[in-house]
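Quick notes on the structure that follows.
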């Protein structure tokens, strides 16, 4: 019987395959060799989370701070890390210290109503404070304390990288723009501020905790909310 001829090209091809991929499997079903790449927004979340963990450690490493000594529980932020809107309050209170989350209790309920009035859900934005610990007896932070924590706040803003910053309260205002003026004269005006070489739109308004005590000023807050809604529309933001 004549010997079967061997195709030398086939032999060399199989040897080559075996040399680079010994577990290579031949199959009729096509194999998708494209790598599954995560959505960019998911990658941003992972990156931001890592940066926030580092920031939290940095704040917790502060020494000789009356705020930290009194409160001990740090309140960094909460919400959508990829939101184009970031709200910054003055400082956490008792409810926030219990939960470790910003804008809780009666203050959080009022903020919910304020945001709902302009079709924004609290869970879709990012919330934080100018000061990360509850001040003793809920006193106002000193200018020295505000200046010290403003360094961390500006890092925080750069990590979240929103399009709009809403500063709620005099401490938040002083922390970002350095002004010690009255909220009544500074509120409701759109400004631009540069933080780490990036420009942000900011607006100053009353803190919900202030509005609970002085309800007569809610009408001014409503004017501010309408301006915020208009800015969101002008910038084509989704909140």
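Please tell me if residue 157 is under 24 Å from residue 236 (Cα atoms) and in a helix (DSSP H, G or I).
Yes, satisfied.
State which residue pairs qualify: first residue over 12 Å from residue 156 (Cα atoms) and inside the stretch 50-70, second residue part of a helix (DSSP H, G or I) in any location, beta carbons under 7 Å apart, and separation of 6 or more residues or different chains.
62/68; 66/136; 67/145; 70/136
Kindly indicate whether any position in the stretch 139-153 is within 22 Å of the chain's Cα centre (by Cα) and under 20 Å from residue 235 (Cα atoms).
no
Here is a list of conditions, (1) over 28 Å from residue 50 (Cα atoms); (2) within 18 Å of the chain's Cα centre (by Cα), and residue 226 meets all of them except one; can you say which number that is?
So residue 226 meets the others, but not (2).
Sort through 67, 55 and tell me the only one that's assigned to a helix (DSSP H, G or I), at pLDDT 95 or above and surrounded by 16 or more Cβ atoms within 10 Å (Cβ to Cβ). Step through it out loud before you land on a result.
Numbers: 67 fails: at pLDDT 95 or above.
The match here is 55.
Select from the stretch 170-205 the residues that are buried (at least 17 other Cβ atoms within 10 Å of the Cβ), out of contact with any strand residue (DSSP E or B) (no Cβ under 6 Å at 6 or more places or on another chain) and part of a loop (DSSP other than H, G, I, E, B) and list them in ascending order.
188
Counting only residues that are assigned to a loop (DSSP other than H, G, I, E, B) and within 15 Å of residue 114 (Cβ to Cβ), which one in the stretch 206-239 is modelled with the lowest pLDDT?
Pass one, the stretch 206-239, residues assigned to a loop (DSSP other than H, G, I, E, B): 206-207, 214, 235-239.
Subsequent filtering for residues that are within 15 Å of residue 114 (Cβ to Cβ) retains 206-207, 214, 239.
Working: 206: 97, 207: 97, 214: 96, 239: 74.
In this case the residue turns out to be 239.
Right, residue 96: in contact with a helix residue (DSSP H, G or I) (Cβ under 9 Å, 6 or more places away or on another chain), modelled with pLDDT of 80 or more, surrounded by fewer than 14 Cβ atoms within 10 Å (Cβ to Cβ) and closer than 30 Å to residue 200 by Cα or not?
Numbers: in contact with a helix residue (DSSP H, G or I) (Cβ under 9 Å, 6 or more places away or on another chain): yes; modelled with pLDDT of 80 or more: yes; surrounded by fewer than 14 Cβ atoms within 10 Å (Cβ to Cβ): no; closer than 30 Å to residue 200 by Cα: yes.
Here the answer is no, as residue 96 does not meet what is asked.
Of the conditions (1) more than 24 Å from residue 76 (Cα to Cα); (2) more than 23 Å from the chain's Cα centre (by Cα); (3) touching a residue at least 12 places away in the same chain (Cβ under 8 Å), residue 180 clears all except one; give me its number.
So the condition that residue 180 fails would be (1).
Since residue 135 meets every condition but one in (1) over 22 Å from residue 57 (Cα atoms); (2) touching a residue at least 60 places away in the same chain (Cβ under 8 Å); (3) surrounded by 14 or more Cβ atoms within 10 Å (Cβ to Cβ), which condition does it not meet?
So the condition that residue 135 fails would be (1).
If you check residue 212 against the conditions, is it touching a residue at least 60 places away in the same chain (Cβ under 8 Å), surrounded by fewer than 16 Cβ atoms within 10 Å (Cβ to Cβ) and under 24 Å from residue 104 (Cβ atoms)? Step through it out loud before you land on a result.
On the way: touching a residue at least 60 places away in the same chain (Cβ under 8 Å): yes; surrounded by fewer than 16 Cβ atoms within 10 Å (Cβ to Cβ): yes; under 24 Å from residue 104 (Cβ atoms): yes.
So residue 212 passes the test.
Tally up the residues in the stretch 108-142 that are within 15 Å of residue 177 (Cα to Cα) and modelled with pLDDT under 95, please.
Total satisfying the criteria: 0.
The values are calculated or read from the model by the stated rules, or taken from the named source; none is laboratory data. None of the values given here were measured: they were computed from a predicted structure. Cβ: placed from backbone, ideal geometry, glycine included. Neighbour counts: every protein chain shown.
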